[in-house]
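Contents: one structure, followed by commentary.
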Amino acid sequence: MISTALRVARVGSAAELAAAVLMMLGFPCLMLAALVPSVPAFAAAAAVTYLADHYLHRRGSYLINRLGKVRAGLSIRFLIRQLLLVLLLARLSLADNLISYGAIACFIAFFGLQAPHGALTTLIRNRRRMPVATRNIDLASRIRIPDAPPRGLLHRSSEKMLHLDLAAVAGVLAAAYTEHPVIGFAGIGVTMVLAVGYVLALVPLVRGRRIPPNAEKVLAAVDDWLAEYRPETVLYFSGSRDSAYQVNMWLETMEQLGSRPLVVLRERVILSNLAPTTVPVLCVPGGVHLMNMDLSSVRVALYAANVGKNIHLLRVPTMKHVFIGHGDSDKLASVNPFSKVYDEVWTAGRAGRDRYAIADVGVRDDDIVEVGRPQLAPIRTGVPAGPGRCPTVLYAPTWEGWDDNPGNTSILLAGENIVRTLVTADPPVRVLYKPHPFTGTRSAQAKAAHRRITALVEQSAAARAGDARFTADAAAQTAAKAELARIEARIAELTGTADRGDEAEASRDGVVDVAKHTEVARLRAEWDDAYWRSFPAWEHRVITGAQPRLYDCFNVSDAMVSDISSVVSDFIASGKPYAVTDSAELGAEEFKRQNTAVRAAVILSNDATELGGLLAAVRDPAGDALADDRGELKRYLLGPDEPTSREQFDAAVAALAGKAETRNAGQESRIVVGGPDVEPADALPAQRTGSVGDTDSVGAG
């Protein structure tokens, strides 16, 4: 019942739901208290509405946004409370009392101040917003970027301004209850002084030295930096907040490139969700601004997603354009016909090449280059070390998806059967359950199944802890937990920088400390090692959250059970046994025909009776019948082990950069030989020469 209410209300927790209910009930109670009339009851109901409203705002509740959509926004709620206070005064026969006139005058003036307050805060934010935002780019030495306004003035400014009426409301209520109007006028005075003071405090921030330079100066500074840095390889990305992982997965690869890298983003929300990196990052929301930037030194542009805004960079002929995607799979997105606009399409292995050939979407075989998957470098091959240890099986199902296709996830039909079979296996194995972060976000049935699986794992872990057959080194675990705490404290110390006031200040101060970045990476590796030592090697575990990462779970596991997703393709890099659930019950042969990644897997039905084959391969690697098939499939999907995928990727970047140089040299020769009769379209683009307002070239090929 509660979970259904949470899902319908779109709130994140029971506490949030309770606050929403209290706020909704508080306003009818205010009206009732005003009509009775009862000052104590009105005060109690008002306190509830104030506190519930404040709590929901602090939590960023979805409900707050919805109330605004149905004309019950923040200002309306405060106005209703104030009107009901005036009604209370009238019902108390105080309508002709000076306190009533004072309250009405105060509330009218108070709401009159909302307009200049809102205008000033909006103007300050707009004037502080630069045309570009950066990370790891030194703009401060080229232009003056002042400190952000005090966070207390602009953060949740509307809510803060409206809450200044609290003094007047409390004062008027106290005056009505005690019949001493002086208290009411004191409260009214405090509210008006604070409100006027808030507005006046914002005025100096609108202009002068608190405002960054104009767009022309900022863009000129960016061009100066580009001319000095001369980037050679660009990772270009555009997308929604939820798609930030698609660019994050390429950041480490970009850091290790042999050429000078640059990340170009198109949405500010992606920049705010970008993982820490040492690569220079340039966020350019405006298409015209991007098209007028001097990127003449760039030779290779890499695209992680097929989106419409790619055209703003694809139009530049002096660089070669490559679709690298964000993971190989058998999904239709992996053979998007849009891919033929790029000079090359890079895939992990032969499977990607064959996928395009079968789809016949216009991508030529000569334009496909196999480069492996550099992101999979952290995945170790072979069985984890430790003689006589309890084997570990990872269950990593995907989420339910946006539709009700039964093949999306094994959680619904097979999850409990899989986990029950594993936790009762004899000889015993350890189970790690790591569900997809989105599990249960759309389907109540999936959320309930996840909870049952979690309970099953935790109950089995508790029962095993009381079994004399399983022993633990308590001292070692205590030491590991202490080490975890030390590492976490140090990471917090290194990453817990002061909150940057706004985007302009973040651009100014967002140059990474490479030494700290390196130390944090080392500490995270140490944290992972300490984490696995902090509990017994036989203990079942439910793993959620960002740490430990999925690949860390791969490395401590002997086998995996999953669904059709990129998780399976990634796990194949380990060479270890794996099983995939045919939740849609297509049958093993048809399931393998439709999904390349399962051709070397143990195929599970929803009752999971086939798990015995997987466990047999774990216990006796010499008798693993699918070992050779997995090796062959790994080479087919991900390419050869030597040279490494990072070396292959670097080589592909260098080769394509060479093609771009050859093309550009040919164009320059053509201009020299052709003389003045050469068409302008044949010349190299001069990117800062056209009118900024001219957008006709957006669609140019």
Residue that is farthest from the chain's Cα centre (by Cα), among those in segment 439-463 that are surrounded by 14 or more Cβ atoms within 10 Å (Cβ to Cβ) and part of a loop (DSSP other than H, G, I, E, B): 443
Flag if residue 438 is of a type in the set (Phe, Trp, Tyr), touching a helix residue (DSSP H, G or I) at 6+ places or on another chain (Cβ under 6 Å) and closer than 27 Å to residue 554 by Cβ: no
Which numbered condition residue 587 fails, given (1) within 22 Å of residue 376 (Cβ to Cβ); (2) exposed (fewer than 15 other Cβ atoms within 10 Å of the Cβ): (1)
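Within segment 555-584, can you find the residues that are among the aromatic types (Phe, Trp, Tyr) and either surrounded by fewer than 24 Cβ atoms within 10 Å (Cβ to Cβ) or not in a helix (DSSP H, G or I) (or both)?
Once the filter is applied, which keeps residues that are among the aromatic types (Phe, Trp, Tyr) and either surrounded by fewer than 24 Cβ atoms within 10 Å (Cβ to Cβ) or not in a helix (DSSP H, G or I) (or both), segment 555-584 yields only 578.
Condition check ((1) in contact (Cβ under 8 Å) with a residue 60 or more places away in the chain; (2) closer than 30 Å to residue 165 by Cβ) across all residues:
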| residue | (1), (2) |
| --- | --- |
| 184 | yes, yes |
| 195 | yes, yes |
| 201 | no, yes |
| 204 | no, yes |
| 214 | no, no |
| 217 | yes, no |
| 221 | yes, no |
| 228 | no, no |
| 232 | yes, no |
So residue 100, is it small (Gly, Ala, Ser), farther than 27 Å from residue 53 by Cβ and out of contact with any Gly (no Cβ under 9 Å at 6 or more places or on another chain): no
Where residue 197 falls short, out of the listed (1) in contact with a helix residue (DSSP H, G or I) (Cβ under 9 Å, 6 or more places away or on another chain); (2) part of a helix (DSSP H, G or I): (1)
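Of the residues 463, 472, 448, 480, which single one is touching a Pro at 6+ places or on another chain (Cβ under 6 Å) and more than 23 Å from residue 603 (Cα to Cα)? Can you show your working first?
Numbers: 463 fails: touching a Pro at 6+ places or on another chain (Cβ under 6 Å); 448 fails: touching a Pro at 6+ places or on another chain (Cβ under 6 Å); 480 fails: touching a Pro at 6+ places or on another chain (Cβ under 6 Å).
Going through 463, 472, 448, 480 in turn, the sole match is 472.
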Filtered residues of segment 543-584 (kept if in contact with a Leu (Cβ under 8 Å, 6 or more places away or on another chain) and aliphatic (A, V, I, L, M)): 543, 556, 559, 560, 561, 567, 572, 573, 579, 580
Members of segment 464-499 found to be over 29 Å from the mean Cα position of the chain (by Cα) and among the hydroxyl-bearing types (Ser, Thr, Tyr), listed by number: 471, 478
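Is it the case, given these coordinates, that residue 167 is without any contact (Cβ under 8 Å) to a residue 40 or more places away in the chain and over 18 Å from residue 137 (Cα atoms)?
In short, yes.
When you look at residue 653, is it among the β-branched types (Val, Ile, Thr) and either more than 23 Å from residue 369 (Cβ to Cβ) or not in a helix (DSSP H, G or I) (or both), yes or no?
Values: among the β-branched types (Val, Ile, Thr): yes; either more than 23 Å from residue 369 (Cβ to Cβ) or not in a helix (DSSP H, G or I) (or both): no.
No; evaluated as a whole, the condition is false for this residue.
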Unique residue being of a type outside the set (Val, Ile, Thr), within 18 Å of residue 239 (Cβ to Cβ) and assigned to a helix (DSSP H, G or I) when the list is 290, 302: 290
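Rule-based calculations on the coordinates, nothing more; no lab input. All values derive from a computational prediction rather than experimental measurement. Positions of Cβ are generated from backbone atoms using ideal geometry, with glycine treated the same way; all protein chains shown enter the neighbour counts.
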